[in-house]
Structure formats: C-alpha cells, structure tokens
Amino acid sequence: MLQVENVHLGFKKKGTFWRAGSKPILKGVTFHMRRGECLGLIGASGSGKSTLGRVITGTLRPQRGLVRLLGEDIHHTGLAARFGRGRPRRGLGGVVSIVFQDYSTSVNPRFLVRDILAEPLRGTRLAGDISYLKALLAQVRLPDDYLGRKSFELSGGELQRVCIARALSAKPALVLLDEAVSSLDVSVQFQVLELLKTLKVESGLSYLFISHDLAAVTHLCDRILFFNDGRVVEQVDDLAELANVKNCSSRQLIAAVLA
Ligand SMILES: Nc1ncnc2c1ncn2[C@@H]1O[C@H](COP(=O)(O)OP(=O)(O)OP(=O)(O)O)[C@@H](O)[C@H]1O
Ligand SMILES: [Mg+2]
C-alpha cells in the first residue's frame, strides 16, 4: 500500500528561505508498508523523520526516488501537486492524513470543533452532515455536545482526539502520526494509544507512527524501522527481536530508553 523507494531530499538556503537543494537530509530512504499494519519509525531528533513524513503526504517533493501510495506515484500523478496548493484534502486527503505533535497550533483557534472536523470535508456533502460529525466524535470517545465548543475549551488530550477524528474524517487508508502523543502526559498518552489501537481494528486503518519514544512505538506497532541520519538503518519485523538490534545508533536509542 505504501512504497518508498530510494528517496533523497536536501535543503538549501535561498535568501532568508530554505528550499529544496543541496544540504542532504534524506539520503536514500527505502521501505514498504502493507495495508492494515502499523509501522513505527523511530529515530533521534533531527534525523529527518518529519521531513520524510512531509514527502509521504506530498507537501515536499523528493529530488530523487519515488513514493507510491495504493499503487500511484504521488509526486508524478498530480495528486501531490493538488495537495500542495492549499487544498490538502482534495488530492491525497482521502488517501493519507496526518496528526501532528502540536495539537494546539494544528487547529484554527477561532474554529468550533464542528469546523475543525469538517475541514478535510470542505466542498463535500459530509461537511454539513451533523450526524456524521457526531459519529466521528463518538469514534474518539467524545460526547456530541463538543461539536459546539472552541478548541481552547478542550484539554490537551481531548483536542488531540479531535485532531485524530479530523484525520479520520475523509476516510484515509493511511494515517501518519508524527509524534502524535509526545506532548500528552503519560496517562493520556496511554488512553490515546489504546484508542488508536481500537480505531485501527474497527476501521482497518494503516498507521505510520513517527516517534522517538520506543515505549509508545512498541505499544502500538507491528514492525519498527530505525532511522538515523536520513536513512533506515535497521528494520525489526518481530518485536521480540528488539533486544538483538545490531545497528549502533539503534542500540543507543534502546539503551537510552532502558537507562
Ligand atoms: N524546511 C526546512 N528547511 C531547511 N531545513 C529543514 C527544513 N525542515 C527540516 N529541516 C532540517 O532537516 C533536518 C531534519 O529535520 P526533521 O524535522 O525531519 O527531523 P526529525 O527527525 O523529525 O526531528 P524531531 O524528532 O526533533 O522532530 C533538521 O536538521 C532540520 O533542521
Ligand atoms: Mg519531527
């Protein structure tokens, strides 16, 4: 369902802006993901995980390599281009959606929860379908009357659940979770991870779960990729084998968690 082949991407500074260019960040990333699986992507800060996420969701175009989602090369079919021009949910939105770490800045503070949930559905009949929006809230275990609340009237955990519901609203095949539970406190993290597990089974979703938190990754994921300095350096298909990872940077990450 997702194939990432030899993806290279760099940035260079042009005036005050960074653009695609020569400072390499992704250095030949290759991995595959099956439908319905949860793949963990774990790596140190700055190793390029979020950049890879932006390539997969179509907002950054790789300089080399390809990303195929449900058989379509997203950067060459025009899907990603439509995604990039401020209409994120029309193109890739129905196929892949994303939940970020910083839930407070990923929603418009002037919006009601109802508007946040309907964002990916703009221009479709479902955007005004209150019973559909209520069902989305119910999926993330929030009551109906939250539809009329503003984002600042919600706790961090509640708002992140709204962001998860928004990510599910256009019925994507793949949800990319970029440090999606990292800013929640531990007990709320656990609740959200459990919720994600349940939703995966209920809706047959696939997750790419980007994190530097090994405990969260092992809680949720079927397989783990270790990422370092712009490359996948090790793949663990059987979590029981986690103690036997060979790559030095992967061992360091594991040791840091166990310390
Ligand atoms: N738009 C950009 N322009 C220039 N450099 C960038 C840009 N986005 C990311 N980078 C650089 O690319 C590198 C990888 O960043 P990225 O955000 O992908 O790391 P990460 O693995 O997600 O880290 P973290 O765990 O801290 O979120 C960093 O050195 C960052 O400074
Ligand atoms: Mg990141």
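The values are calculated or read from the model by the stated rules, or taken from the named source; none is laboratory data. All values derive from a computational prediction rather than experimental measurement. As a convention, Cβ positions derive from the backbone with ideal geometry for all residues, glycine included, and neighbour counts pool all protein chains shown. Heavy atoms of the whole protein, side chains included, go into the accessibility calculation; ligands, DNA and RNA do not. Shrake-Rupley method; radii C 1.70, N 1.55, O 1.52, S 1.80 Å.
Things to note:
- With R₀ fixed at 22 Å, the C-beta to C-beta distance from A256 to S155 puts the FRET efficiency at about 0.15.
- Legend: residues V99, V201, sorted from most to least accessible area (1.4 Å probe; ligands, DNA and RNA excluded), read V201, V99.
- By average C-beta atoms within 10 angstrom, highest first, the peptides 247-255, 165-173, 66-74: 165-173, 66-74, 247-255
- Per residue, the solvent-accessible area of the chain (1.4 Å probe, heavy atoms of protein chains only, all protein chains present) comes to 47 Å².
- Cross-link partners of K150 among lysines (Cα-Cα below 30 Å; sequence separation of 8 or more within a chain): K134, K171, K197, K200
- With DNA, RNA and ligands ignored, accessible area of M33 (1.4 Å probe; Å², nearest 10): 10
- Using distinct alpha-carbon pairs, which all enter the 1/r mean, Kirkwood radius of region 199-259 in Å: 12.5
- For the chain, size of Cβ-based charge dipole, Lys and Arg +1, Asp and Glu -1, in debye: 1320
- Helix-only [θ]222 nm of the chain, DSSP H runs n ≥ 4, -39500 (n - 2.57) each, per residue, nearest 500: -9000 deg cm²/dmol
- A simple charge model with +1 on the Cβ of Lys and Arg, -1 on the Cβ of Asp and Glu and nothing else charged puts the dipole of region 137-259 at about 200 debye relative to its Cα centre.
- With the charge dipole of the chain set up from +1 on Lys and Arg Cβ and -1 on Asp and Glu Cβ about the Cα centre, the Cα lying farthest toward the positive end among the listed residues L242, G36, A216 is that of G36.
- The chain, relative contact order [Cα under 8 Å, separation at least 6], %: 25
- Directionally averaged projected area (convex hull, Cα atoms, region 111-191), nm²: 5.4
- Rg/Rg_ref, region 2-258, where Rg_ref = 2.2 N^0.38 Å and atoms are Cα: 1.00
- Between region 191-250 and region 29-55, the alpha-carbon centres lie 9 Å apart.
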